[in-house]
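Please treat every number below as a calculation from the coordinates, not as lab data. Since the model is a prediction, treat every value here as computed from it, not as a measurement. Using ideal geometry, Cβ is built from the backbone for each residue, glycine included, and neighbour counts are taken over all protein chains shown.
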Amino acid sequence: MAYLDRELRQMLERKGADEQLVEFASEQLSHIYSRISDSEQYQFSVHLPAGLSGEQRGELEDQINAGLEDIRKDNHRLTVELVAELLLARVRLFQSERAD
């Protein structure tokens, strides 16, 4: 989050944004990001059938974990894109309302 906030501030400042806009964007980023951060915490349990060897259990666990990691990465990528789009929309609305 600190990295995103720093990058956002620097980008807006390079584009000539005033302090009010930079602060608004930073607050919005923090608010949006806090809403989604819990959604990326996955937790569940799988009951493996009895009779599996330790090696078989390990292989299944590895496959399940690899699949979950792939899903987590895809969801994270999409989430970051949606956060950026929502943030941009809010910044544009803020700018539009200030201009009125």
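Data for the structure
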{"item": "Spin-label model distance (nm) - ASP62 vs GLU7, 7 Å beyond Cα toward Cβ", "result": "3.3"}
{"item": "Label-point separation in nm, GLU19 to SER39, each point 7 Å along Cα→Cβ", "result": "3.4"}
{"item": "Relative contact order computed over the chain (Cα-Cα under 8 Å; 6+ residues apart), in percent", "result": "40"}
{"item": "Global geometry of the range 29-73, whether rounded, prolate or oblate, following the gyration tensor of its Cα atoms and the 1.5 cut on a/c", "result": "prolate"}
{"item": "VAL80, VAL91, VAL46 arranged by Cβ crowding within 10 Å, fewest neighbours leading", "result": "VAL46, VAL80, VAL91"}
{"item": "Order of PHE94, PHE44, PHE24 under a 10 Å beta carbon neighbour criterion, fewest first", "result": "PHE44, PHE94, PHE24"}
{"item": "Cleavage-rule hits, trypsin sites (Lys or Arg not before Pro), the range 6-100, DSSP coil, Cβ neighbours within 10 Å at most 16", "result": "LYS15"}
